[in-house]
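Report on one structure; see the data block that follows.
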Amino acid sequence: MRNGYKILWTDHALSELKNTIQYLEENWSERELENFSQELDHTIELISKNPELFQVSKKKNVRRAVVAKFNSL
């Protein structure tokens, strides 16, 4: 990441991401996985640079960034 906020991942978030990636590896092509990986990296970079860019969640002080229609951070 280039100059921005530090991204902190909870254990639960990392576990969910791992499960998602395992599922995608079993069901998607290499090209689809690469596209998802690029979108994920891009979204994380956007969060780091400007977290207020994303929609406020129902939880206080939490925002939701959509990576793909089936996945959000």
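Points to keep in mind about this one:
- Residues within the range 17-58 that are closer than 27 Å to residue 3 by Cα, not polar (S, T, N, Q) and not in a helix (DSSP H, G or I), tallied: 2
- Hits in the range 1-16 (condition: in contact with a Pro (Cβ under 8 Å, 6 or more places away or on another chain) and in a helix (DSSP H, G or I)): none
- Subset of the range 59-73 (residues that are outside any strand (DSSP E or B), free of Cβ contacts under 8 Å to residues at least 60 places away in the same chain and open to solvent by 50 Å² or more (accessible area, probe 1.4 Å)): 59, 60, 61, 62, 69, 70
- Qualifying residues in the range 46-65 (those that are touching a strand residue (DSSP E or B) at 6+ places or on another chain (Cβ under 8 Å) and small (Gly, Ala, Ser)) - the one modelled with the lowest pLDDT: 57
- The range 28-46, residues that are open to solvent by less than 90 Å² (accessible area, probe 1.4 Å) and over 15 Å from residue 71 (Cα atoms): 29, 45, 46
- Criterion violated by residue 7 - all others in (1) at pLDDT below 95; (2) open to solvent by 90 Å² or more (accessible area, probe 1.4 Å) satisfied: (2)
- Every pair of residues 6+ apart whose Cβ atoms lie under 9 Å, when the first sits in the range 36-53 and is of a type outside the set (Asp, Glu) while the second is open to solvent by 70 Å² or more (accessible area, probe 1.4 Å) and part of a helix (DSSP H, G or I): 46/53; 47/53
The values are calculated or read from the model by the stated rules, or taken from the named source; none is laboratory data. Keep in mind that what you see is a predicted model, and the values were worked out from it rather than measured. With ideal geometry, Cβ positions are generated from the backbone for all residues, glycine too; neighbour counts draw on all protein chains shown. Side chains are part of the model used for accessible areas, which takes the heavy atoms of the whole protein and leaves out ligands, DNA and RNA. Shrake-Rupley method; radii C 1.70, N 1.55, O 1.52, S 1.80 Å.
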